[in-house]
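Undergrad: Provided herewith is a single structure, encoded as structure tokens, for subsequent inquiry.
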Amino acid sequence: MRDLRATRQDFPILQRTVRGRPLVYLDSAATSQKPLAVIEAIEGYYRTSNANIHRGIHTLGDEATEAYENARAKVARFIGAPSPRGVVFVRNTTEGINLVAYAWGRRNVRADDEIILTEMEHHSNLIPWQMLANEVGARLRFVPLAPDGTFAPEALERLLSARTRLVALPHMSNVLGTINPVRAVADLAHAAGALVVVDGAQSVPHLPVDVREMGCDFLAFSGHKMCAPTGIGVLWGREDLLEAMEPFMAGGGMIREVHWDYATWDEIPHRFEAGTPNIAGAVGLGAAVDYLEGIGMAAIRQHEVEITAYALEALRHLGDVTLYGPRDAQRRGGVVSFNVAGVHPHDLGTVLDEHGVAIRAGHHCCQPLMRKLGVPATARASFYLYNVPEEIEALVAAVQHARELFSGVRAR
Ligand code: 7TS
């Protein structure tokens, strides 16, 4: 197995300093850093093969098309999809979920139907369903969370009924770190006649993910959180469902035949990729998949369990620190949200930045969850393959410093 510490050399940005200190990047849940292999793949594409795709006229166009479709095939293999036909390139998770809410939801969800979500939704997997529900007169229901930020499949079972059309949930929470029992959810939802949409924004970059094992109907995720550039993401859908769906956006590249007054649609997945796509982004995503597979998703997961357990333990020892989410690192991903008594998370973030430590502070696009937790915001450290225990030590030292600083302020 490759020593993951050595992967730090692959990420040029990790060599830089921030405010005179080595960068400690603990914000990979927001976006990951990019390895040289990905940066070079994008550059190489622009240097040698840049052209528009699916035009079949000249050599560069053929090379660009091949690069783009190769990336699709790599992504399909990476998530265990039966074929690349189910892989739609979109901008990000948000666009993937909106695509389902518009192209599938507007046709299949009606008045008095129900859509079940969880209490840990990112706004991206909440607002598209709110808009749909408001438009058609459907209702949203929410699987309640236990105090440790998990839910048991039975909690979903109690909400399922003949009215349930859809269950949409994150595979992993970007605040609590909770890894949800998606297979059990899918089995229950399907038994009730509902479809399952999985928000894989936080899981696909960090765990081995297989859509057939998960049993979901749609899976959305973002390239930028998995070593690829921004502006490229994926919606995987069951092919029979995609086949039955109308386009979400219309224009060039998604048609078979166009007349003045009507048009017919191209095959899936092209039907859902109107306009010139992010070709270089897809090439970058393909390179990111190669990179992650070269290390091995199981190794990445194992590394993150260890680093997360270390972080949880170290922060718990500090005292005056509230940690959110499951205690057991095996049940969660590499995301640790916390609050320090007497220090606002934004102030904490600012002090940490002075130490070169990058974390995120805020509501993390999960305002209803913040209300449930009874806080306006949390601080959040999030990890990836390139993080090392010394960085957890730097985090803890910086938190300790912030605490002393603010207790001094209080004492004066
Ligand atoms: N779903 C989850 C669970 C997420 O964590 C995010 C992004 C999204 C959806 C949306 O992804 P996007 O690529 O479409 O923006 N989460 C975060 C975060 O936690 N901090 O910044 C972005």
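The values are calculated or read from the model by the stated rules, or taken from the named source; none is laboratory data. Keep in mind the model is a prediction, meaning the values are calculated, not measured. With ligands, DNA and RNA removed, areas are computed over all heavy atoms of the protein, side chains included. Shrake-Rupley method; radii C 1.70, N 1.55, O 1.52, S 1.80 Å.
Undergrad: Taking a cut-off of 16 Å between Cα atoms, list the lysines near Lys225, but don't count ones fewer than 8 places away on the same chain.
TA: Filter leaves Lys34.
Undergrad: What would the Debye equation give as log₁₀ I(q)/I(0) for the stretch 215-308 at q = 0.24, 0.25 Å⁻¹, counting only Cα atoms as equal point scatterers?
TA: Each listed q maps to, in turn, -1.23, -1.26.
Undergrad: Moving on to the next point. In whole angstrom, how far apart do the alpha carbon centroids of the stretch 171-209 and the stretch 222-247 sit?
TA: Taking the Cα centre of each part, the stretch 171-209 and the stretch 222-247 sit 16 Å apart.
Undergrad: Quick check: the angle from helix 36-48's long axis to the longest principal axis of the chain, C-alpha only, nearest 10 degrees?
TA: Computed tilt is about 40 degrees.
Undergrad: In 10 Å bins starting at zero, report the fraction of Cα pairs in the chain per bin as a rounded %.
TA: Each 10 Å bin holds this share of Cα pairs: 5, 22, 30, 25, 14, 4, 1, 0.
Undergrad: To the nearest Å, what is the center-to-center distance of the stretch 13-84 and the stretch 345-412, using C-alpha atoms only?
TA: Cα centres, the stretch 13-84 to the stretch 345-412: 31 Å.
Undergrad: Provide the descending list of Cα extents for the stretch 84-156 along its principal axes, expressed in whole angstroms.
TA: Projected onto its principal axes, the Cα set of the stretch 84-156 covers 38, 31, 20 Å.
Undergrad: Angle check, please: helix 389-411 long axis (alpha carbons) against the longest principal axis of the chain (alpha carbons), in degrees 0 to 90, nearest 10.
TA: Result, in degrees: 60.
Undergrad: Please compute, for the alpha-carbon atoms of the stretch 295-349, the extent along each of the three principal axes and give them in descending order in Å.
TA: 41, 19, 15
Undergrad: Next question, about the same structure. Take Tyr310, Tyr46 and sort them by solvent-accessible surface of the protein heavy atoms, 1.4 Å probe, largest at the top.
TA: Values: Tyr310 90, Tyr46 135 Å².
I get Tyr46, Tyr310, largest accessible area first.
Undergrad: Where Rh denotes the Kirkwood radius from the mean inverse Cα pair distance, what is Rg over Rh for the stretch 144-207?
TA: On the way: Rg = 11.8 Å, Rh = 12.2 Å.
Computed over Cα atoms, the ratio is 0.97.
Undergrad: Helix 182-191 sits at what angle to the longest principal axis of the chain, using alpha carbons and giving 0 to 90 degrees rounded to 10?
TA: 40 degrees
Undergrad: Let me ask another. Principal axis lengths of the stretch 1-101 from Cα atoms, whole Å, largest first?
TA: 52, 37, 31
Undergrad: Next question. On the accessible surface of the stretch 244-399, probed at 1.4 Å, how many percent belong to carbon and sulfur atoms? Walk me through the numbers on the way to the answer.
TA: Values: 3320 of 6210 Å².
Here it works out to 53 percent.
Undergrad: A further question follows. Once the Cα gyration tensor of the stretch 86-207 is found, what semi-axes does its equivalent ellipsoid get, as square roots of 5 times the eigenvalues, in whole Å, sorted largest first? Show your work: numbers first, answer last.
TA: Details: eigenvalues 82, 68, 33 Å².
Ellipsoid semi-axes (Å, largest first): 20, 18, 13.
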